[in-house]
Amino acid sequence: MAQDYDFPRNKDEDEESLQALGKSSQNSASDLDDDENAIAEDYELPGADLSNEDSSVTVIPMQGDEFICSECFLVKHRSQLDHNGEDGPVCKECAA
């Protein structure tokens, strides 16, 4: 529905809409608190005892055609090499 913004407003309507907004924001604030509590229950703190967990990640050593970017410290393929800086090789993403 199109609305004419030049049409004079009724102050009663404005006050009613403000009161409705205030009530809905109070309701949504209590909903947010409930959601935060639910998230916090599932979150594990760092430093938890993981001694009985098995690690199934295979670590592959850096290949001959790869380098470590001196800016972002990620292993990149030689095709991503932009230039060799003072501190070492720099990838195209960091050089941009």
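Where a number appears in this text, it was derived from the coordinates with a stated rule and is not lab data. Quick caveat: nothing in here was measured; it's all calculated off a predicted structure. Cβ coordinates were reconstructed from backbone atoms using ideal geometry, including for glycine residues, and neighbour counts include every protein chain displayed.
Look at the range 87-96 and say how many of its residues are of a type outside the set (D, E, K, R) and assigned to a loop (DSSP other than H, G, I, E, B). Before the answer, list the steps.
Within the range 87-96, the subset of a type outside the set (D, E, K, R) is 88-91, 94-96.
Okay, now just the ones that are also assigned to a loop (DSSP other than H, G, I, E, B), so 88, 96.
Total satisfying the criteria: 2.
Go through the range 78-95 and report how many residues are of a type in the set (G, A, S) and in contact with an Asp or Glu (Cβ under 7 Å, 6 or more places away or on another chain).
Of all residues in the range 78-95, those of a type in the set (G, A, S) come to 79, 85, 88, 95.
Imposing the further condition that a residue be in contact with an Asp or Glu (Cβ under 7 Å, 6 or more places away or on another chain) reduces the set to 95.
The total comes to 1.
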